[in-house]
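Reviewing the structure listed below.
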Amino acid sequence: MLSSFFRRSRLTGSRLLLGYLLLLAAAGIACNEYYIPPPDATISIDQVVANLGIPLQLTIASPSTTTSNGTTTTTDVQTQTQFSATVQNSSNNGVTWSIENPNGGADFAASSASTCSQPYGCISPDGVYTAPPVLPSPSSIVIRAIAQVAPNPQATATLQLIAPVPQVASSFVVPATTSPALADCQSANAVGALSAGSSYEVCLTGNFFYPNTAVSLGGANVSAIAVPATGPNTTAMVQVTPTQPGLLGLKLTNATPGSNTGSGTASLLVEPATAPASSALAVLVENVAAAGATTPSYADVGFVPRASANSIDVVNLDSATALSQVSGIPAGFNPSALAADQATNQLVAIGAGSTNLLIIDAGKDQVSQSVALPVTAPAVAFSDNSCQLCSVLVDAARGQALVDTSSGYFVVSLAQGSVTAGPISLPVAENFTYDPAAGRLFDPYYANGSGLQVETILPSQSAPLSFNGTAASAWSAAQPDAAAWSPQASLLLVSDEATGNYSAINLNGAITNGNVLSASFTPFSVTTQCTGAWDEVTLEPSQGFALLGNEGNCLAVASIPSFIGTNAPASLTPLWAQLGSNGGVSWTNIGAPHGLATYIGLDGLAYGLALRSDTQQLLKVNLSAFVALPAPSSPLDSHQVDPTGSTALTYITLQ
């Protein structure tokens, strides 16, 4: 009967059980009492991340070891994360929070953030986790919640700590000391643009700088970061030695096992490292953005003296366009030569019509000071000109200008605007050069057989030395006219205007005997197919180029070694080209002072500059492209190249 009833009633599950019991009771059948327990309590953890000004990156996972919804989250150190727990199937949601000890042993009990001293952070009784200020090891933190209701189920959530992104609020640069330290970071000693090849200390303010913060600077050698404490620090210092010019980005990154790969950045303007060589021209990196622009636009900018126009023209070398002219040049000054101080963004200028030295603010393109030099001797005559102030160079490391005059050499402090040394009694040179590392001045002058003197003038003066070659091979030059120096190779190039030849002198292993300097040398020549003596020379030593010119319409480029030991240098083999007319005017190189210069552009390439004798046009030469030029169809010798139609040469018309 009962079975027939259940078939007709179609009862299932709990209804079936209830119906069965009712029927038994109605039938008067005795039975035991039954207890149906509630389901077990379970616990799950939900979290809400508190953002305290640093963006958090969240990843969620479900570890298999948890009894509920375990999660994996990433968060920055020194921030807080709010966890919450829900005890399901119970009206008691109370839990006890703790942090699992990654080294084994008992958990770290909940505590307030104000009393937290654990290296792995702390969690409060209400589930607020406070990360430690320094990334611990291991950096993966397990948060545990245990239900306060029996049978006390528990759940865990894994928190991956990551280092915060360094924040750079401001920066300035000071010259590097022999023992770089944070104490060197005095804003009063800050410099402007950096010079490629020199060392500096970059002083940073911001936050989240640590001893292991990684630092990089494009095209530079960077030392480890210096910070005052374990961290996080709000100040830091990094020593850098830029190796290339441009607007370089200093990048700081905190290593982390998470995905927090952002970096703090600061921009450093690095000027080209122009070799101290005889030149009438100067190159700096300048902001050429239009007036009122909020974003700077940097370019290689050339400054060109034009004695006949009594002007110094400012040229964007990258776009090959004339920009402006320097203001404030006195009437009759007639600028003849320039030199640049990259560290202070200044120029110095000498003129054919004055014995004053002009100091120019290159950022404003205007004369800021005129320094009178005590030159009393009359002008000295050379083959193609006469001068009282004949040439000028800058020792940027010492902030001094070196001026070659008819009364001797003078040293001028650019910061003080005054003469600090001189006259230094040396023969007048039409185009001299200088070794700033040793403070040595190389003075080529017209004297049959021995016209090259070498003298250390900074920081103190020594007796001059006369160069004579070696005992086995005496050096002879009738009219030494110009010199250029490569600090990388300790190589000196000297021209002889009388013969049109050059000498490559190796000063590695040079010997002094009394007032005589002996060193190995190798003579070389360019070609006899050009009209006018070969006597102009300048170097771009970092990429290994020599730019040579004659007193006519020819230029040449030679590769120079970066290291030559102590033996005589190998003979250089210049490639040369004839320059035709451009804009209806035939090209002739300017004679005195020599109008050649070299620089490394913002694109990392080596360039040369040449000035036409009428100072109406400037020629930009891509040096690596020049040595790759093909030979003409009917070459005059085996070293001639043909620039026709090539992008190796760019002509720039001046104002």
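The values are calculated or read from the model by the stated rules, or taken from the named source; none is laboratory data. None of these values were measured; they are calculated from a predicted model. Backbone-built Cβ (ideal geometry, glycine too); neighbour counts: all protein chains shown. Surface accessibility is based on the protein's heavy atoms, side chains included, excluding ligands, DNA and RNA. Shrake-Rupley method; radii C 1.70, N 1.55, O 1.52, S 1.80 Å.
The number of residues in the stretch 302-324 being within 29 Å of the chain's Cα centre (by Cα), part of a strand (DSSP E or B) and farther than 11 Å from residue 281 by Cβ comes to 6. Of the residues in the stretch 605-624, at least one is of a type outside the set (Phe, Trp, Tyr), more than 18 Å from residue 652 (Cα to Cα) and at pLDDT 95 or above.
Entry remark, the stretch 206-233: residues being in contact with a Phe, Trp or Tyr (Cβ under 9 Å, 6 or more places away or on another chain) and among the β-branched types (Val, Ile, Thr) number 3 in total. Is it fair to say residue 232 is in contact with a strand residue (DSSP E or B) (Cβ under 6 Å, 6 or more places away or on another chain) and open to solvent by less than 10 Å² (accessible area, probe 1.4 Å)? No: the conditions fail for residue 232. Residue 439 meets all of the listed conditions (1) open to solvent by less than 10 Å² (accessible area, probe 1.4 Å); (2) at negative phi but one, namely (2). Scanning the stretch 515-533 for residues that are within 37 Å of the chain's Cα centre (by Cα), of a type in the set (A, V, I, L, M) and within 28 Å of residue 384 (Cα to Cα) turns up just one, 526. No other residue among 121, 206, 127 is touching a Pro at 6+ places or on another chain (Cβ under 6 Å) and either crowded, with 19+ Cβ neighbours inside 10 Å or closer than 23 Å to residue 254 by Cβ (or both) apart from 121. Looking across the stretch 489-523, the residues that are at positive phi and open to solvent by 30 Å² or more (accessible area, probe 1.4 Å) come down to 509, 514. Out of 571, 562, 542, I need the residue that is touching a strand residue (DSSP E or B) at 6+ places or on another chain (Cβ under 7 Å), more than 20 Å from residue 641 (Cα to Cα), open to solvent by 30 Å² or more (accessible area, probe 1.4 Å) and in a loop (DSSP other than H, G, I, E, B). Which one? The unique qualifying residue is 542.
The numbered conditions (1) in contact (Cβ under 8 Å) with a residue 60 or more places away in the chain; (2) closer than 27 Å to residue 602 by Cα; (3) touching a Pro at 6+ places or on another chain (Cβ under 8 Å) are all true for residue 363 except (3). Looking across the stretch 574-606, the residues that are open to solvent by 20 Å² or more (accessible area, probe 1.4 Å) and part of a strand (DSSP E or B) come down to 575, 578, 582, 585. Mind checking which residues of the stretch 442-455 are assigned to a loop (DSSP other than H, G, I, E, B) and surrounded by 18 or more Cβ atoms within 10 Å (Cβ to Cβ)? 445, 446, 451, listed by residue number.
Within the stretch 607-621, the only residue that satisfies the criterion of being surrounded by fewer than 20 Cβ atoms within 10 Å (Cβ to Cβ) and assigned to a strand (DSSP E or B) is 617. Could you look through the stretch 298-310, keep only residues that are farther than 14 Å from residue 653 by Cβ and open to solvent by 10 Å² or more (accessible area, probe 1.4 Å), and pick out the one that is modelled with the highest pLDDT? Ranking the qualifying residues of the stretch 298-310, first place goes to 310.
Is it fair to say residue 163 is open to solvent by 20 Å² or more (accessible area, probe 1.4 Å), modelled with pLDDT under 85 and within 23 Å of residue 228 (Cα to Cα)? When the stated conditions are applied, residue 163 does not pass them.
Let's see how each residue does on (1) over 21 Å from the mean Cα position of the chain (by Cα); (2) more than 30 Å from residue 100 (Cα to Cα):
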residue	(1), (2)
146	yes, no
153	yes, no
157	yes, no
161	yes, no
166	no, no
172	no, yes
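Selection over the stretch 334-352 of residues that are assigned to a loop (DSSP other than H, G, I, E, B) and either over 28 Å from the mean Cα position of the chain (by Cα) or at pLDDT 95 or above (or both) gives a count of 2. In the condition set (1) small (Gly, Ala, Ser); (2) within 31 Å of the chain's Cα centre (by Cα); (3) closer than 16 Å to residue 535 by Cβ, residue 438 is compliant with all but (3). Filter the stretch 93-118 down to residues that are within 44 Å of the chain's Cα centre (by Cα) and either surrounded by 12 or more Cβ atoms within 10 Å (Cβ to Cβ) or closer than 23 Å to residue 150 by Cβ (or both), then give me how many there are. Within the stretch 93-118, residues that are within 44 Å of the chain's Cα centre (by Cα) and either surrounded by 12 or more Cβ atoms within 10 Å (Cβ to Cβ) or closer than 23 Å to residue 150 by Cβ (or both) number 4. All conditions in (1) more than 25 Å from residue 404 (Cα to Cα); (2) open to solvent by 60 Å² or more (accessible area, probe 1.4 Å) hold for residue 555, with the sole exception of (2).
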